[in-house]
1. I need a count of the residues in segment 22-36 that are open to solvent by less than 30 Å² (accessible area, probe 1.4 Å), out of contact with any Phe, Trp or Tyr (no Cβ under 6 Å at 6 or more places or on another chain) and assigned to a loop (DSSP other than H, G, I, E, B).
2. Between residues in segment 86-98 that are of a type in the set (S, T, Y) and residues that are at pLDDT 95 or above and open to solvent by 10 Å² or more (accessible area, probe 1.4 Å), which pairs lie under 7 Å by C-beta distance while being six or more apart or on different chains?
3. Considering (1) open to solvent by 60 Å² or more (accessible area, probe 1.4 Å); (2) of a type outside the set (V, I, T); (3) under 13 Å from the mean Cα position of the chain (by Cα), say which one Q82 fails and leave the rest.
4. Within segment 93-108, which residues are closer than 20 Å to R18 by Cβ and either surrounded by fewer than 18 Cβ atoms within 10 Å (Cβ to Cβ) or within 10 Å of the chain's Cα centre (by Cα) (or both)?
5. Assess whether L88 counts as being over 12 Å from the mean Cα position of the chain (by Cα), closer than 16 Å to Y36 by Cβ and at pLDDT 95 or above.
6. Working only within segment 1-21, note down all residues that are among the hydrophobic types (A, V, I, L, M, F, W, C) and loosely packed, with under 13 Cβ neighbours inside 10 Å.
7. Suppose we filter segment 47-67 for residues that are over 26 Å from G104 (Cβ atoms) and surrounded by 12 or more Cβ atoms within 10 Å (Cβ to Cβ); how many remain?
8. Evaluate the following for E70: is it open to solvent by 80 Å² or more (accessible area, probe 1.4 Å), under 15 Å from the mean Cα position of the chain (by Cα) and not hydroxyl-bearing (S, T, Y)?
Amino acid sequence: MGFQSVTIYHNPNCGTSRNVLCLIRDAGEEPVVVEYLKTPPSRAMLKELIRRMGCSVRDVLREKGTPYKELGLDDSKWSDEQLLDFMLEYPILINRPIVETPLGVKLCRPSETVLDILPKRP
């Protein structure tokens, strides 16, 4: 399969996201940094990341500082496809940071969980 780099779906305004980026760099990796609020992942990419994390679409929704409540996203009537629509329309709803490495994909909250998927530990 060859070498794959580390990718972080990053929000520079988020302390957890900044910490994870530092941990990746401390491990000697220079990741591909995707500022997902500016360039959100495609629907297919988002679905693939969630599938590889082994969690539900709902597990990746962020409530704090987002239109989650206003949109009524806590209602179980929304399907995964509808939730994905909201996440693509309002990328702030995508929780962060999501990190992808050759060892897996993880929503790295708390920050230290990124160490589980880094090829080399800092």
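The values are calculated or read from the model by the stated rules, or taken from the named source; none is laboratory data. Computed from a predicted structure; not experimentally measured. All Cβ positions, glycine included, derive from the backbone under ideal geometry; neighbour counts span all protein chains shown. Side chains included, ligands, DNA and RNA excluded: accessible areas come from the protein's heavy atoms. Shrake-Rupley method; radii C 1.70, N 1.55, O 1.52, S 1.80 Å.
1. Counting residues in segment 22-36 that are open to solvent by less than 30 Å² (accessible area, probe 1.4 Å), out of contact with any Phe, Trp or Tyr (no Cβ under 6 Å at 6 or more places or on another chain) and assigned to a loop (DSSP other than H, G, I, E, B) gives 3.
2. Final answer for the pair search is Y90/T66; Y90/P67.
3. (3)
4. I94, N95, R96, P97, I98, V99, E100, V105, K106, L107, C108
5. Values: over 12 Å from the mean Cα position of the chain (by Cα): yes; closer than 16 Å to Y36 by Cβ: yes; at pLDDT 95 or above: yes.
Considered against the rule, which asks whether it is over 12 Å from the mean Cα position of the chain (by Cα), closer than 16 Å to Y36 by Cβ and at pLDDT 95 or above, L88 comes out as yes.
6. Just the residues of segment 1-21 that are among the hydrophobic types (A, V, I, L, M, F, W, C), to begin with: 1, 3, 6, 8, 14, 20-21.
Within segment 1-21, M1, F3 qualify.
7. Of all residues in segment 47-67, those over 26 Å from G104 (Cβ atoms) come to 65, 67.
Within this subset, residues satisfying the condition of being surrounded by 12 or more Cβ atoms within 10 Å (Cβ to Cβ) are 67.
Number satisfying all stated conditions: 1.
8. On the way: open to solvent by 80 Å² or more (accessible area, probe 1.4 Å): yes; under 15 Å from the mean Cα position of the chain (by Cα): no; not hydroxyl-bearing (S, T, Y): yes.
In short, no.
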